[in-house]
Amino acid sequence: MFSPIAPLTHSITVYLDDQPISASKGESVAACLLRAGVPFNRLTPVSGAPRLPYCMIGQCFDCLVEIDGIGNQQACLTIVRDRMRVRRQNGAAIALEHSAQ
Ligand code: FES
């Protein structure tokens, strides 16, 4: 479904829920997760419905993830960094839990 417009370098490693994923410098976290075939990046607070990035331009907020311990980060607007720690969000509870720290 997704194909890169430039050759991928896979030169860095991002961890999703502690599992390593190869990533390329300059790509967004959302692009990295979609390319890796992740089935969802968050569950909605009310119904628990799974969500994946949709707009890829910062408008829909379906791409929210926890990045390096900070919840509600827009994956489509965040560029990957080597050894970045990404966690899928499970509703608002996790986001609220981390925002209180
Ligand atoms: S994919 Fe829509 S805001 Fe990130």
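Laboratory data are not the source of any read-out in this text; all were calculated from the coordinates shown. These figures come from a predicted structure and were not determined experimentally. Counting neighbours? That spans all protein chains shown, and the Cβs are built from the backbone with ideal geometry, glycine included.
Scanning the stretch 7-33 for residues that are touching a helix residue (DSSP H, G or I) at 6+ places or on another chain (Cβ under 9 Å) and either part of a loop (DSSP other than H, G, I, E, B) or not small (Gly, Ala, Ser) (or both) turns up Leu8, Val14, Leu16, Ile21, Ser24, Glu27, Val29, Cys32, Leu33. Scanning the stretch 18-34 for residues that are closer than 20 Å to Phe61 by Cα and loosely packed, with under 13 Cβ neighbours inside 10 Å turns up nothing. Among the residues of the stretch 51-66, count how many are surrounded by 17 or more Cβ atoms within 10 Å (Cβ to Cβ), within 14 Å of the ligand (Cβ to nearest atom) and more than 14 Å from Ser28 (Cβ to Cβ). Within the stretch 51-66, residues that are surrounded by 17 or more Cβ atoms within 10 Å (Cβ to Cβ), within 14 Å of the ligand (Cβ to nearest atom) and more than 14 Å from Ser28 (Cβ to Cβ) number 1. Considering Gly69, Gly48, Gly37, the condition of being surrounded by fewer than 13 Cβ atoms within 10 Å (Cβ to Cβ) and touching a Gly at 6+ places or on another chain (Cβ under 7 Å) is satisfied by Gly48 alone. Do we have any residue at all in the stretch 76-91 that's surrounded by 14 or more Cβ atoms within 10 Å (Cβ to Cβ), closer than 27 Å to Ile5 by Cβ, touching a Pro at 6+ places or on another chain (Cβ under 9 Å) and of a type in the set (Gly, Ala, Ser)? No, there is no match, as no residue in the stretch 76-91 is surrounded by 14 or more Cβ atoms within 10 Å (Cβ to Cβ), closer than 27 Å to Ile5 by Cβ, touching a Pro at 6+ places or on another chain (Cβ under 9 Å) and of a type in the set (Gly, Ala, Ser). Inside the stretch 37-73, residues that are without any contact (Cβ under 8 Å) to a residue 40 or more places away in the chain and touching a Pro at 6+ places or on another chain (Cβ under 9 Å) make up a count of 6.
If you go through the stretch 67-77 and pick out every residue that is in contact with a helix residue (DSSP H, G or I) (Cβ under 6 Å, 6 or more places away or on another chain) and near the ligand (Cβ under 9 Å from one of its atoms), you end up with 2.
For the stretch 20-48, what are the residues that are more than 13 Å from the chain's Cα centre (by Cα), of a type outside the set (A, V, I, L, M) and within 18 Å of Asn90 (Cα to Cα)? Passing the criteria: Thr44, Pro45, Ser47, Gly48.
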